[in-house]
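Take a look at the structure set out below.
The values are calculated or read from the model by the stated rules, or taken from the named source; none is laboratory data. Treat the numbers as computed from the prediction; the structure is a model and nothing was measured. Every residue, glycine as well, gets a Cβ built from its backbone with ideal geometry; the counts of neighbours run over all protein chains shown. Side chains included, ligands, DNA and RNA excluded: accessible areas come from the protein's heavy atoms. Shrake-Rupley method; radii C 1.70, N 1.55, O 1.52, S 1.80 Å.
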Amino acid sequence: QVQLVESGGGSVQAGGSLRLSCGVSGYTYSPACMGWFRQAPGKEREAVATITRDRWTTYADSVKARFTISKDNAKNTLYLQMNSLKPEDTAMYYCAATTLGGSCRKDDMYYWGKGTLVTISS
């Protein structure tokens with residue numbers, strides 16, 4: 001059974017950095033896409049960054065040049081390096097993955113982690 005477990009969240013000051021990790025288990029194949037999504041109070045869950053099987057990446061405009069998504073297939077781990085953090089980045093961050101097929105759209109994400117909280121103070 002597929003499981004995604006996030007770690008690395010915490011509370012930091014604006015301008016600081018965090019690296020989120022997502023440990024993946026249970027897959028007998030490579031998902032078409034994996035990604036990081038976030039949800040702030042009162043807002044919809046939104047895509048932050050995604051990465052395909054062939055390592056194509058996409059980023060929300062609000063995080064471009066500040067965040068980097070990557071994966072280590074040997075360690076079955078997905079990462080999100082977050083630099084120059086802003087108070088607007090405060091949210092619950094979720095790791096997600098598709099099945100064998102699917103696009104990188106939120107609606108195609110089939111498996112979800114429970115989330116890790118990121119709080120940025122000014």
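Residue check: is residue 22 within 15 Å of residue 5 (Cβ to Cβ) and either in a loop (DSSP other than H, G, I, E, B) or among the hydrophobic types (A, V, I, L, M, F, W, C) (or both)? Yes: the conditions hold for residue 22. Restricting attention to the stretch 41-56, the residues being surrounded by fewer than 15 Cβ atoms within 10 Å (Cβ to Cβ) and within 12 Å of the chain's Cα centre (by Cα) number 1.
Looking across the stretch 66-85, the residues that are touching a strand residue (DSSP E or B) at 6+ places or on another chain (Cβ under 6 Å), in contact (Cβ under 8 Å) with a residue 40 or more places away in the chain and farther than 17 Å from residue 23 by Cα come down to 82, 85. Restricting the stretch 71-106 to residues that are on the phi > 0 side of the Ramachandran plot and open to solvent by 60 Å² or more (accessible area, probe 1.4 Å), the residue that is modelled with the highest pLDDT is 84.
Select from the stretch 58-70 the residues that are outside any strand (DSSP E or B), of a type in the set (Gly, Ala, Ser) and open to solvent by 30 Å² or more (accessible area, probe 1.4 Å) and list them in ascending order.
62, 65
What pairs come up if the first residue lies in the stretch 35-56 and is assigned to a loop (DSSP other than H, G, I, E, B), the second is of a type in the set (A, V, I, L, M), and their beta carbons are under 7 Å apart, counting only those six or more places apart or on different chains? Here the result reads 40/91; 53/32, each pair linking the stretch 35-56 to a residue that is of a type in the set (A, V, I, L, M).
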